[in-house]
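The values are calculated or read from the model by the stated rules, or taken from the named source; none is laboratory data. In this text the structure is predicted, and so the values were computed from the model without any measurement. Here the Cβ positions follow ideal geometry from the backbone for every residue, glycine too, while neighbour counts run over all protein chains shown. Keep in mind that these areas ignore ligands, DNA and RNA; they rest on the heavy atoms of the full protein, side chains included. Shrake-Rupley method; radii C 1.70, N 1.55, O 1.52, S 1.80 Å.
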Amino acid sequence: MRRPIVLVPACQRQFGSHAWHMAQDKYLQAVLRGAGCMPLLLPALGLEADLEAALQIADGVMLTGSASNVDARLYGEDILHPELPQDPARDATTLPLIRAVLARQLPLLAICRGFQEVNVALGGTLHQAVHAVPGMQDHRENVLDPLERQYAPAHRIKLMPDGLLSRLLGGESEMMVNSLHGQGVARLAHGLLVEALADDGLVEAYTVASAAGFTLALQWHPEWQVEENPQSMRLFGAFGQACRDYQEQLHRKKG
């Protein structure tokens with residue numbers, strides 16, 4: 001049987017006079033080497049995207065991080081920092097994609113921006129600048145640091161007892177994670193189940209309580225040098241196994 005196919009929605013970026021659809025290599029490598037699946041880029045075509053056609057060949061979906069922010073108007077707020085990058089084409093693609101993925105019970109792994117997208121797609125809101133919220137830490141990286149320092153463990157998170165994340169990590173109650181985000185969950189959407197919290201109370205991981213299949217959303221970046229991090233390999237390994245299980249179920253139905 002072929003490797004499971006994991007759709008990876010692209011960002012749309014402008015380079016010179018042309019728009020490009022792209023995803024960072026580290027995410028694709030994590031799907032390939034961590035999950036053992038075949039990544040396939042889904043262009044950010046918004047309303048023009050035929051999501052049903054794409055989902056018919058998919059065994060899972062992974063939402064990546066990005067430098068851009070989810071448009072605050074999608075959760076009923078004005079954009080407070082218009083100087084920060086936006087990606088309306090990605091928003092218009094991923095938000096309906098998320099709802100379609102959950103309806104089809106496809107395995108879903110969401111990272112950083114993807115973590116925020118799922119919350120917004122299901123009716124939640126975001127802090128547009130976590131560091132400006134009283135009592136919250138600054139979760140941003142120093143962009144002047146080398147990448148190895150930017151992606152180094154930055155703070156502790158506490159895992160919910162008996163939650164999916166804790167079970168995947170062998171019963172761990174806490175772990176250290178990297179931190180490279182300015183936005184974060186303000187109001188968690190109805191039906192999302194907290195899996196981990198930072199010391200300042202910021203949600204760092206959640207699942208979709210009603211989802212029949214594998215769903216896991218993470219605020220940090222487990223894709224960074226995935227093969228060198230046993231915890232990240234466990235997470236991507238579980239996602240990959242869920243994609244293989246989904247593929248096998250489809251194969252049995254068609255057979």
* Is there any pair with a first residue in the stretch 12-24 that is within 15 Å of Ser68 (Cα to Cα) and a second that is open to solvent by less than 100 Å² (accessible area, probe 1.4 Å) and of a type in the set (Lys, Arg) whose Cβ atoms are under 9 Å apart and which are 6 or more apart or on different chains, and what are they? -> Gln12/Arg90
* To do: List every residue pair whose Cβ atoms lie under 8 Å apart, where the two residues are 6 or more positions apart in sequence or sit on different chains, the first residue falls within the stretch 144-160 and is without any contact (Cβ under 8 Å) to a residue 24 or more places away in the chain, and the second residue, located anywhere, is assigned to a loop (DSSP other than H, G, I, E, B).
  => Arg149/Asn142
* Among the residues of the stretch 3-35, write down those that are in contact with a Cys (Cβ under 9 Å, 6 or more places away or on another chain) and either modelled with pLDDT under 95 or open to solvent by 40 Å² or more (accessible area, probe 1.4 Å) (or both). => Arg3, Trp20, His21, Met22, Gln24
* Asked: Restricting attention to the stretch 128-149, does a residue exist that is out of contact with any Gly (no Cβ under 7 Å at 6 or more places or on another chain) and of a type in the set (Gly, Ala, Ser)?
  -> yes
* Working only within the stretch 36-60, note down all residues that are part of a loop (DSSP other than H, G, I, E, B), open to solvent by less than 30 Å² (accessible area, probe 1.4 Å) and either farther than 15 Å from Ile5 by Cα or free of Cβ contacts under 8 Å to residues at least 40 places away in the same chain (or both). => Ala44, Ala49
* To do: Scan Cys37, Cys11 and give me the residue that is closer than 18 Å to His221 by Cα and not aliphatic (A, V, I, L, M).
  => Cys11
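Every residue, every condition in (1) surrounded by fewer than 18 Cβ atoms within 10 Å (Cβ to Cβ); (2) among the aliphatic types (A, V, I, L, M); (3) closer than 26 Å to Asp25 by Cβ; (4) out of contact with any helix residue (DSSP H, G or I) (no Cβ under 6 Å at 6 or more places or on another chain), yes or no:
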site	(1), (2), (3), (4)
Arg140	yes, no, yes, yes
Pro146	yes, no, yes, yes
Arg149	yes, no, yes, yes
Val185	no, yes, no, no
Leu192	no, yes, no, yes
Ala205	no, yes, yes, no
Ala217	no, yes, yes, no
Gln225	yes, no, yes, yes
Gln249	yes, no, no, yes
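When you look at Leu180, is it over 15 Å from the mean Cα position of the chain (by Cα), farther than 21 Å from Arg99 by Cβ and at pLDDT 95 or above, yes or no?
no
For every residue, the table says whether it meets (1) of a type in the set (Lys, Arg); (2) at pLDDT 95 or above; (3) over 27 Å from Cys243 (Cα atoms).
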{"position": "Arg99", "(1), (2), (3)": "yes, yes, no"}
{"position": "Leu106", "(1), (2), (3)": "no, yes, no"}
{"position": "Leu126", "(1), (2), (3)": "no, yes, yes"}
{"position": "Val133", "(1), (2), (3)": "no, yes, yes"}
{"position": "Gln137", "(1), (2), (3)": "no, yes, yes"}
{"position": "Arg156", "(1), (2), (3)": "yes, yes, yes"}
{"position": "Gly163", "(1), (2), (3)": "no, yes, no"}
{"position": "Ser166", "(1), (2), (3)": "no, yes, no"}
{"position": "Gly201", "(1), (2), (3)": "no, yes, yes"}
